[in-house]
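Beneath this line is the structure, given in structure tokens, with notes to follow.
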Amino acid sequence: MRNLMLFLSAVAVMGLAFWAYRENYRTQAEISQVKALQAEIRQLKESLSMLNAEWAYLNRPDRLRELADLNFPRLGLLPLNPEQFGDVAAITYPDIVLPPITNPIETAAAAALAEGGVQ
């Protein structure tokens, strides 16, 4: 019986050692994958910042004004002036038509008001 317990203990230790060995290599593979993803994220962020800088460079007001002047005969673009904008108060909104109340619900506060006051 003692030999059986020693054998089972040795098999359990070898099984746990094999499991730990596999988990170690699986963890190392996941860590290397995470590092690769972080490097890709860093590269994409750098690319995005470069694109944002290029966008800001291309959208300079003086450059856009110069392009508008060069292409005026073909596009007819004019500079924006404050007089071209309207006032918010001048906007008319349609009236909201509410449907009539057909099934009113009696509440305790409405009943108290109908009786002559709130307590």
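The values are calculated or read from the model by the stated rules, or taken from the named source; none is laboratory data. As the structure is a computational prediction, the values presented were derived from the model and not from experiment. Heads up, the Cβs are rebuilt from the backbone with ideal geometry, glycines too, and the neighbour counts pull from every protein chain shown.
Residue check: is Ala12 in contact with a Leu (Cβ under 7 Å, 6 or more places away or on another chain) and surrounded by 10 or more Cβ atoms within 10 Å (Cβ to Cβ)? Break it down stepwise before answering.
On the way: in contact with a Leu (Cβ under 7 Å, 6 or more places away or on another chain): no; surrounded by 10 or more Cβ atoms within 10 Å (Cβ to Cβ): yes.
Judged against the criteria, Ala12 is not a match.
I'd like to know if the stretch 73-84 contains one or more residues that are modelled with pLDDT under 85 and among the polar types (S, T, N, Q).
yes
Cβ contacts < 9 Å: first residue on the phi < 0 side of the Ramachandran plot, restricted to the stretch 50-63; second residue in a helix (DSSP H, G or I) and of a type in the set (Ser, Thr, Tyr), any location; separation 6+ or different chain. Result?
Sorted first by the residue in the stretch 50-63, then by its partner, the pairs are Arg63/Tyr57.
Show the residue pairs that are 6+ apart or on different chains and have beta-carbon atoms under 9 Å apart, the first residue being within the stretch 104-118 and surrounded by 10 or more Cβ atoms within 10 Å (Cβ to Cβ), the second being modelled with pLDDT of 75 or more.
Ala110/Pro104
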